[in-house]
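Trainee: Supplied in structure tokens, the structure appears directly below.
The values are calculated or read from the model by the stated rules, or taken from the named source; none is laboratory data. Predicted, not measured: the structure shown is a model, and the values here were computed from it. Here Cβ is always computed from backbone atoms with ideal geometry, including for glycine, and neighbour counts include all displayed protein chains. When the accessible area is computed, the model is the full protein with side chains, heavy atoms only, and any ligands, DNA or RNA have been set aside. Shrake-Rupley method; radii C 1.70, N 1.55, O 1.52, S 1.80 Å.
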Amino acid sequence: MKQYVTSICIFTSSLILLLAICVLSCSAKMTGYLLEKRDSTVVARGVEGLDLAKRAIETDMKEKVEEASVEAFNSLTSTIYEAGVNITEEEANSLYKGTVLQILKAKYGMLGGTEDDANYNLIKSLEDKLPGLSTGELKLVENSVPTLERDGNRINLGNVDVAFCYGNSYNNSIKFDVFAYLSDISLYDENPELFKYAIVADKGVYITGKTSTIIGNIFAGTHSPTELRKAEALYGESGTYGGVNIMSTQVAIDADRIVTDGAINMKGAFVVFGSENRPVEIIAADVMETDNIANKNMYALFGKVKNQDISLDRDMVNEAMQYFGSIEYYYDSNNDKTYIGRYRKIISSTDITIDSDVTGVVMTPGNVIINEGVNVEGLILSGDRVYVQGNNNIVASVEVLREILAEELYANMHIEDESDTLEEQARNKLHVDMKDYLGGIVYRGINK
């Protein structure tokens, strides 16, 4: 009996031990499972948190760049206009982009201290934009060194190293750069390419007579053979009609570009294209020489002749002339007693003959005839042909055209009141505006 009881006790003890081992084993597995589940949740929250951090910093940086861009443009233009500084668009854009970076650094607290202070403040500014999380937290990696620099048109917030922390250690991290691109600015209201031209003639330029000078770019289109006129036949055109035609004269053309989809035809002419200080790029199908009985052609070329596609130039001209069809009258500001603009405007739906000097703009879908001995400074824009009769000085002037446009915009924006001076009241009556018939105008501001 005693032996039986002993056996029962031993069996019971073994069973209890086995159950205990099973319970401990299950408990360990359950604990491991819960820990594994918790760890996977932490990892998932970390990945999500780091993605949110990157987006938050990127959004904030781009907002700051946009704000800095507006502030830089306003500051720059205010300084230039108040001081009356004459500055090119290229110089203005360089100053503007440098100013954007300085304003941006100020927004991140990076100015006015040491390099270590700048780095500390940049880190703090970035951490202030990190989102809060229900699990763990986000912070910049200890001893990280983010950078804020400009490379041309690009602002780079680089080497941003963000960590997701859970407990007392980094659980995961991400390093990234954020880029924002700066648009160019337009310092003036203008058509930036067109205003560099002295003559734009959609169906050709014809030059003859006494010695003339053209300073500024030239665009000369072509026309069909059926439109050939008897007077033009004397210039020696053949095959392609229109282009630049020079006959029985001496001409100096000082330009960056002479553009035509036809040829440059010379007949008994002496021509100097470009200069040592200003080499010219001639884009034309050919340079043709036709001998005159009285004398032969002679020309000097400082630059290069290319036969290439002019579709971009053609698009610029087409855009400039797109509203010509809406001109319904002949307007000459010299005949307008109430006009107070500084420069002359001749805008017509029909041919224009210039018989006195013009500083301003001449615009028509028809022909422009420049009589002998007459000078033009500004822009001649013809939807047909331009005839230069001789002894003429024709000079492009960006400044003149900008001023005309500025006067017109002032008149449109200005609301007359009782306190206006007589000059201000008159300025608000500029009547026919160049800007209403000139396409391709880029207005002052940050280009979008």
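Trainee: Within segment 307-354, track down each residue that is more than 17 Å from E190 (Cα to Cα), open to solvent by 20 Å² or more (accessible area, probe 1.4 Å) and of a type in the set (S, T, Y).
Mentor: Matches in segment 307-354: S311, S326, Y329, Y330, Y331, T338, Y339, S349, T350, T353.
Trainee: Which one of these is closer than 23 Å to G243 by Cα, out of contact with any Phe, Trp or Tyr (no Cβ under 8 Å at 6 or more places or on another chain) and free of Cβ contacts under 8 Å to residues at least 40 places away in the same chain: V395, V358, V362?
Mentor: Working: V395 fails: free of Cβ contacts under 8 Å to residues at least 40 places away in the same chain; V358 fails: closer than 23 Å to G243 by Cα.
When all the criteria are applied, what remains is V362.
Trainee: Something else: All but one of (1) crowded, with 17+ Cβ neighbours inside 10 Å; (2) farther than 27 Å from E115 by Cβ; (3) not hydrophobic (A, V, I, L, M, F, W, C) hold for G132; state the number of the condition that does not hold.
Mentor: Every listed condition holds for G132 apart from (1).
Trainee: Are any of the residues in segment 190-200 hydroxyl-bearing (S, T, Y) and either outside any strand (DSSP E or B) or over 23 Å from N375 (Cα atoms) (or both)?
Mentor: Initially, segment 190-200 is screened for residues hydroxyl-bearing (S, T, Y), giving 197.
Next cut, either outside any strand (DSSP E or B) or over 23 Å from N375 (Cα atoms) (or both) only: none.
No, every residue in segment 190-200 fails to be hydroxyl-bearing (S, T, Y) and either outside any strand (DSSP E or B) or over 23 Å from N375 (Cα atoms) (or both).
Trainee: Just checking, which of L381, L438, L401 is open to solvent by less than 40 Å² (accessible area, probe 1.4 Å), part of a helix (DSSP H, G or I), within 30 Å of T208 (Cβ to Cβ) and modelled with pLDDT of 95 or more? So that I can check it myself, show each step before the final result.
Mentor: Numbers: L381 fails: part of a helix (DSSP H, G or I); L438 fails: part of a helix (DSSP H, G or I).
Exactly one residue qualifies, and that residue is L401.
Trainee: Can you go through S75, S134, S173 and tell me which one is part of a loop (DSSP other than H, G, I, E, B), at pLDDT below 95 and among the small types (G, A, S)? Steps first, please.
Mentor: Values: S75 fails: part of a loop (DSSP other than H, G, I, E, B); S173 fails: part of a loop (DSSP other than H, G, I, E, B).
Going through S75, S134, S173 in turn, the sole match is S134.
Trainee: Search segment 210-238 for residues that are charged (D, E, K, R) and pair each with any residue that is open to solvent by less than 20 Å² (accessible area, probe 1.4 Å) and assigned to a strand (DSSP E or B) when their beta-carbon atoms are under 6 Å apart and the residues are at least 6 apart or on different chains.
Mentor: Between residues of segment 210-238 that are charged (D, E, K, R) and residues that are open to solvent by less than 20 Å² (accessible area, probe 1.4 Å) and assigned to a strand (DSSP E or B), the close pairs are E237/N265.
Trainee: Of the residues E227, E190, only one is open to solvent by less than 60 Å² (accessible area, probe 1.4 Å) and either more than 30 Å from L126 (Cα to Cα) or of a type in the set (F, W, Y) (or both); which? Quick ask: steps written out before the conclusion?
Mentor: On the way: E227 fails: open to solvent by less than 60 Å² (accessible area, probe 1.4 Å).
Just one listed residue meets the conditions, E190.
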